[in-house]
Amino acid sequence: MRFAAQRVLGRDLHVWLARTGLDAAPLGRLLTRRPPAHPVIDDGRYRAALAAGRPDRRPLFTDADGAGIVWPDGEREDVDVIMLATGYRPDLPYLAPLRGALDGDGNPRHREGVAVAVPGLAFVGLEWQRGLASNSLRGVGRDAERIARHLAAGLPRR
């Protein structure tokens with residue numbers, strides 16, 4: 001995992017990325033073979049939390065019943081909320097039956113988020129999907145709007 005400073009030249013890095021236009025530049029298609037990995041933008045808190053063993057990482061729960069979850073070791077835990085943060089690496093083996101949805105490494109086959117071989121399938125939140133910010137809160141909304149327009153255009157008119 002690589003870390004990058006949150007503040008550069010006295011300003012938040014996100015400000016620089018937005019002002020220069022690098023955040024929204026459609027560079028993803030130029031990087032389809034092997035896009036560079038994004039660093040974790042950090043003011044020091046994330047690095048310190050990881051060094052201290054936080055967050056508590058566990059394998060995925062095996063059952064949920066609306067009041068709690070069951071961990072793989074059988075332990076049951078009451079929970080109020082389940083939030084799935086899918087992370088930075090797609091894990092999409094359930095798409096394998098869709099012929100052409102994934103490449104040989106299990107990565108989505110897409111052009112700017114639209115599946116190249118499966119009509120009606122699209123992705124959002126992929127690293128370098130369309131640009132630098134595609135897998136961040138800054139950019140996923142922009143990509144989601146674009147994908148939604150694309151998918152809606154393919155629907156029959158009523």
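If you go through the range 17-31 one residue at a time, do you hit one that is among the acidic types (Asp, Glu), assigned to a loop (DSSP other than H, G, I, E, B), more than 21 Å from Val140 (Cα to Cα) and modelled with pLDDT under 85? Break it down stepwise before answering.
The initial filter retains those residues of the range 17-31 that are among the acidic types (Asp, Glu), namely 23.
With the extra rule that they be assigned to a loop (DSSP other than H, G, I, E, B), the set shrinks to 23.
Next, only the ones that are more than 21 Å from Val140 (Cα to Cα) stay: none.
No: the range 17-31 contains no residue that is among the acidic types (Asp, Glu), assigned to a loop (DSSP other than H, G, I, E, B), more than 21 Å from Val140 (Cα to Cα) and modelled with pLDDT under 85.
Of the residues making up the range 137-158, just one is in contact (Cβ under 8 Å) with a residue 40 or more places away in the chain and open to solvent by less than 30 Å² (accessible area, probe 1.4 Å), namely Gly139. Of everything in the range 50-67 that is among the aliphatic types (A, V, I, L, M) and within 17 Å of Val40 (Cβ to Cβ), the residue that is modelled with the lowest pLDDT is Leu50.
Here Ala67, Ala52 are screened, and the one residue that is more than 30 Å from His14 (Cβ to Cβ) and more than 16 Å from the chain's Cα centre (by Cα) is Ala67.
Take the range 113-133 and flag every residue that is on the phi > 0 side of the Ramachandran plot and either surrounded by fewer than 20 Cβ atoms within 10 Å (Cβ to Cβ) or outside any loop (DSSP other than H, G, I, E, B) (or both).
Filtering the range 113-133 down to residues on the phi > 0 side of the Ramachandran plot leaves 113, 120, 125, 128.
Selection gives Gly120, Gly125.
Pairs, please: C-beta under 8 Å, at least 6 apart or cross-chain, first residue under 18 Å from Gly141 (Cβ atoms) and in the range 110-121, second open to solvent by less than 30 Å² (accessible area, probe 1.4 Å) and among the β-branched types (Val, Ile, Thr)? Between residues of the range 110-121 that are under 18 Å from Gly141 (Cβ atoms) and residues that are open to solvent by less than 30 Å² (accessible area, probe 1.4 Å) and among the β-branched types (Val, Ile, Thr), the close pairs are Gly113/Ile147; Val114/Ile147.
The values are calculated or read from the model by the stated rules, or taken from the named source; none is laboratory data. On a predicted model such as this, the values are computed, not experimentally measured, just so you know. As a convention, Cβ positions derive from the backbone with ideal geometry for all residues, glycine included, and neighbour counts pool all protein chains shown. With ligands, DNA and RNA removed, areas are computed over all heavy atoms of the protein, side chains included. Shrake-Rupley method; radii C 1.70, N 1.55, O 1.52, S 1.80 Å.
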